[in-house]
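Report on the structure given below.
The values are calculated or read from the model by the stated rules, or taken from the named source; none is laboratory data. The shown structure was predicted, so the numbers you read here are calculated from the model rather than taken from an experiment. All Cβ positions, glycine included, derive from the backbone under ideal geometry; neighbour counts span all protein chains shown. The area values use the complete protein model at the heavy-atom level, side chains included, leaving out ligands, DNA and RNA. Shrake-Rupley method; radii C 1.70, N 1.55, O 1.52, S 1.80 Å.
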Amino acid sequence: MSPRLSALTAFRVLRQLRADHRTVALLLVVPSVLVGLLAWMYSGTTTFAVVGPALLGIFPFVVMFLVTSVATLRERTGGTLERLLTTPLAKADVMLGYALAFALVAVVQAVVTVAFAVVVCGLQVAGPVWLLVVVAVAEAVLGCALGLLASAFATSEFQAVQFMPAVVLPQVLLCGLLIPRDGLPTVLRRISDVLPLSYAVDATTALTRSASGTGDAGRDLLVILGFVVVALALGSLTLRRRTA
Amino acid sequence: MTTDDDRPGAGPAAIVVSGLHVVRGGRDVLPDLTLSVPAGQVVGLLGPSGSGKSTLLRAVVGVQVVAGGTVTVLGQPAGSPGLRRRVGYVTQAGSVYDDLTVRDNVRYFAGLLAAGRGHRDVVAAADRVIGAVDLTDHADVLAGALSGGERSRVSLACALVGDPEVLVLDEPTVGLDPVLRRDLWALFAGLARDGRTLLVSSHVMDEATRCDRLLLLREGRLLADTTPGQLLADTGAADADQAFLRLVDGAGV
């Protein structure tokens with residue numbers, strides 16, 4: 001593993017992305033549009049104050065999961081991954097390269113989306129706004145890490161896309177967005193305790209509710225980072241230099 | 001053209017394959033293959049499609065799961081970490097990034113393969129090999145917008161930029177016009193003169209005459225390990241295509 005080669009790979013992924021203006025536009029604009037739509041739907045009620053922050057963590061997670069799983073699947077099926085693994089590039093460098101590149105994209109995406117939610121949609125944030133951005137970035141990186149892992153189990157783009165409902169939707173249903181996790185049946189609540197997206201919603205909720213929620217949000221962030229590290233490590237293990 | 005250099009075993013072997021057994025999809029693609037590739041030569045790996053050429057090349061670069069036997073490259077087991085800078089590999093599919101320009105593709109691989117060289121060296125090395133494969137005019141074009149032949153030359157440039165001692169090329173001349181094919185074979189010959197070893201696969205038999213040595217493969221078995229001149233002399237054939245057919249008939253396969 002080499003920081004130079006990881007950075008080189010991240011730089012290459014970003015260059016690839018730069019050639020694709022439409023994807024960049026979709027990555028940066030769609031979350032804001034959806035947040036705006038929700039604020040409009042719930043205008044005049046207090047619901048947006050509850051679901052708005054949660055969505056700030058969920059959108060980057062879903063989007064990055066999809067983008068990464070398709071991008072790495074292309075790398076596998078296009079033969080470039082096999083080629084990379086004949087060079088000094090370590091398997092972890094491939095994983096870190098992708099995670100770094102999409103983390104950078106996620107920073108821009110999170111800044112745009114949070115700014116839009118706070119400034120345009122009037123979302124109230126009791127805690128520090130920058131921490132909300134950090135949570136959104138952590139969620140994006142988590143989506144990226146799980147996408148890298150999921151792509152190892154997909155042999156076609158069709159399968160990769162199907163991992164979204166299989167891996168992502170259950171987390172969205174159980175993360176506390178639809179009903180607070182405390183209100184879930186015990187078994188489902190236990191399951192939601194081990195799903196990473198739950199911690200993102202916990203963190204954003206803690207941050208927006210009260211200024212004293214910063215500590216809780218920090219603890220949730222650590223849990224999310226733990227999931228990221230585990231997913232990236234498992235993803236590295238699924239890469240094989242030798243294939244049949 | 002039979003000189004002393006054409007004898008098998010002249011000089012040390014760069015690649016030694018011994019008893020290689022590879023199973024793919026439940027089929028013995030290479031049942032029991034033994035051969036060696038002398039250093040500093042252009043060695044053609046010829047055979048019809050499905051004869052196991054790509055599988056052998058994959059085993060040489062260490063990305064193929066093997067069921068038995070050994071592959072040694074430059075004295076080390078194929079795929080060893082120590083070989084990753086010394087062996088260049090160009091896949092059949094021309095594995096490059098379609099959404100990067102020619103220059104960015106080559107610079108990325110230059111960066112990966114450069115051991116502690118500075119950015120300036122990487123850039124210079126990339127420009128040099130882009131020139132060597134005659135793509136300087138297309139350096140800022142996305143690889144995906146190129147023709148098949150141009151794209152495979154980008155792939156070649158990505159391997160050349162690491163200045164490897166051993167180059168493993170899987171059908172690098174497919175889809176190229178005769179002029180480009182001639183230029184590429186001249187480039188390969190030049191690399192061999194500088195002491196590089198090239199193992200080049202092709203299913204086009206008339207490319208046999210461009211090689212220093214030939215390995216003829218059919219159904220995973222070595223049909224001949226010879227020189228172009230010797231092949232024609234032994235079979236009494238007028239060209240490599242005919243020689244191959246006579247070998248197949250003679251082998252009674």
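Quick one: net charge of B:VAL29's neighbours, Cβ under 15 Å, K/R +1, D/E -1? Intermediate values should be presented prior to the final figure.
Details: positive: A:ARG242, B:ARG24, B:ARG27, B:LYS53, B:ARG58, B:ARG218, B:ARG221; negative: B:ASP28, B:ASP32, B:ASP170, B:GLU219.
Spelling it out: positives minus negatives among the neighbours equals +3.
Could you give the dipole magnitude of chain A about its Cα centre, charging the beta-carbon of Lys and Arg +1 and that of Asp and Glu -1, in debye to the nearest 20?
Details: 17 positive and 11 negative charges, 146 e Å.
It works out to roughly 700 debye.
Rounded to the nearest 500 deg cm²/dmol, what is the calculated helix-only ellipticity per residue at 222 nm for chain A, with -39500 (n - 2.57) per DSSP H run of length n ≥ 4? Before the final figure, lay out each step's value.
Working: 11 runs with 181 residues, N = 244.
Only helices count here, giving -24500 deg cm²/dmol.
In debye, nearest 20, what is the charge dipole magnitude of the stretch B:23-99 about its Cα centre with +1 on Lys and Arg Cβ and -1 on Asp and Glu Cβ, if you could check? Present the calculation step by step, with values, prior to reporting the outcome.
Values: 7 positive and 4 negative charges, 33 e Å.
For this selection, approximately 160 debye.
Given +1 on the Cβ of Lys and Arg, -1 on the Cβ of Asp and Glu, and no further charges, what dipole in debye does chain B carry about its Cα centre, rounded to the nearest 20?
Working: 24 positive and 30 negative charges, 144 e Å.
So the magnitude is around 700 debye.
Cα axis of helix B:240-251 to longest principal axis of chain B: angle in degrees, 0 to 90, nearest 10?
40
Classify the stretch B:40-86: rounded, prolate or oblate, from the alpha-carbon gyration tensor (a ≥ b ≥ c, eigenvalue square roots; a/c under 1.5 rounded; otherwise prolate if a/b is larger than b/c)?
Working: a/c = 2.25, a/b = 1.35, b/c = 1.67.
The shape class here is oblate.
I'd like to know which of A:THR186, A:GLY44, A:PHE59 lies farthest towards the positive end of the charge dipole of chain A, counting +1 on Cβ of Lys and Arg and -1 on Cβ of Asp and Glu.
Positive-most Cα among the choices belongs to A:PHE59.
List the residue ranges in chain A for DSSP H helices whose C-alpha atoms run 30 angstrom or more along the long axis and whose Kyte-Doolittle average is -1.0 or above. Walk me through the numbers on the way to the answer.
On the way: long enough: A:47-77 (44 Å, 1.40); A:91-115 (36 Å, 1.79); A:129-151 (33 Å, 2.33); A:214-238 (36 Å, 1.48).
Long hydrophobic helices here: A:47-77, A:91-115, A:129-151, A:214-238.
Helix B:178-193 sits at what angle to the longest principal axis of chain B, using alpha carbons and giving 0 to 90 degrees rounded to 10?
Helix B:178-193 and the main axis of chain B meet at about 90 degrees.
Gain in length, A:MET41 to A:VAL194, computed as 0.36 nm per residue apart minus the alpha-carbon separation, to one decimal in nm? Spell out each step's value before the answer.
Numbers: separation 153, 0.36 × 153 = 55.08 nm, distance 3.14 nm.
Full extension from A:MET41 to A:VAL194 adds 51.9 nm.
Using a Förster distance of 45 angstrom, determine the FRET efficiency expected from the C-beta separation of A:THR23 and B:ASP249, and round it to 0.05.
Values: r = 56 Å, r/R0 = 1.25.
Result of the calculation: an efficiency of 0.20.
How large a share of the accessible area of the protein assembly as shown, in percent, is made up of carbon and sulfur atoms when the probe is 1.4 Å and the other protein chains stay in place? Don't jump to the answer; show the numbers that get you there.
Working: 13050 of 21410 Å².
The C+S portion of the solvent-accessible surface of the protein assembly as shown is 61 percent.
If one takes the longest principal axis of the Cα atoms in chain B, at what angle in degrees, from 0 to 90 and to the nearest 10, does the Cα axis of helix B:119-132 lie?
Long axis of B:119-132 versus the principal axis of chain B: about 50 degrees.
Which one of B:VAL65, B:VAL161, B:HIS119 has its Cα pushed farthest toward the positive end of the charge dipole of the stretch B:51-187, where Lys and Arg give +1 and Asp and Glu give -1 at the Cβ?
B:VAL65
Classify the stretch A:108-199 from the C-alpha gyration tensor, please: rounded if a/c falls under 1.5, else prolate or oblate depending on whether a/b exceeds b/c. Show your work: numbers first, answer last.
Working: a/c = 2.40, a/b = 1.28, b/c = 1.87.
It is oblate, given that a/c is not under 1.5 and a/b is not larger than b/c.
Roughly how big is the A-B contact, given as buried accessible area in Å² (both sides, 1.4 Å probe, nearest 100)? All intermediate terms of the calculation are to be shown ahead of the outcome.
Values: alone 12200 and 11790 Å², together 21410 Å².
In total, this chain pair buries about 2600 Å².
Where both partners of a DSSP beta bridge lie in the stretch B:65-211, what percent of those bridges are antiparallel, to the nearest 5?
25
With no solvent and one equal point scatterer per Cα, compute the Debye intensity ratio I(q)/I(0) for the protein assembly as shown at 0.09, 0.10, 0.13 Å⁻¹ and report its log10, rounded to two decimals.
So the normalised log intensities work out to -0.70, -0.80, -1.13.
Need the per-residue list for the stretch B:89-133: every residue with at least 50 Å² less accessible surface in the complex of protein chains than in the chain by itself, probe 1.4 Å, sorted by number.
Residues passing the criterion (a loss of at least 50 Å², heavy atoms only) are B:TYR89, B:SER95, B:TYR97, B:ASP99, B:LEU100, B:TYR108, B:LEU112.
Before I look further, what does chain A give for accessible area per residue, probe 1.4 Å, in whole square angstrom? Mind showing how you got there, number by number?
Numbers: 10870 Å² over 244 residues.
Averaged over the residues of chain A, the accessible area is 45 Å².
Quick one: grab the alpha carbon gyration tensor of the stretch B:1-153, order the square roots of its eigenvalues as a ≥ b ≥ c, and give me rounded if a/c is under 1.5, else prolate or oblate depending on whether a/b is larger than b/c.
On the way: a/c = 1.85, a/b = 1.59, b/c = 1.16.
Prolate.
With no solvent and one equal point scatterer placed on each C-alpha of chain A, evaluate the Debye formula and give log10 I(q)/I(0) for q = 0.15, 0.18 Å⁻¹, two decimals.
These q points yield log10 I(q)/I(0) values of -1.01, -1.37.
If you take the charge dipole of chain A about its Cα centre, with +1 on Lys and Arg Cβ and -1 on Asp and Glu Cβ, which of A:THR214, A:PRO31, A:GLN124 is farthest toward its positive end?
Final value for the positive-end residue is A:PRO31.
Take B:HIS138, B:HIS119 and sort them by solvent-accessible surface of the protein heavy atoms, 1.4 Å probe, largest at the top.
Working: B:HIS138 60, B:HIS119 140 Å².
Accessible-area ranking of B:HIS138, B:HIS119, largest first: B:HIS119, B:HIS138.
With a 1.4 Å probe and all protein chains left in place, how much accessible area per residue does the stretch B:147-215 have, in Å²?
Values: 2420 Å² over 69 residues.
That works out to 35 Å² per residue.
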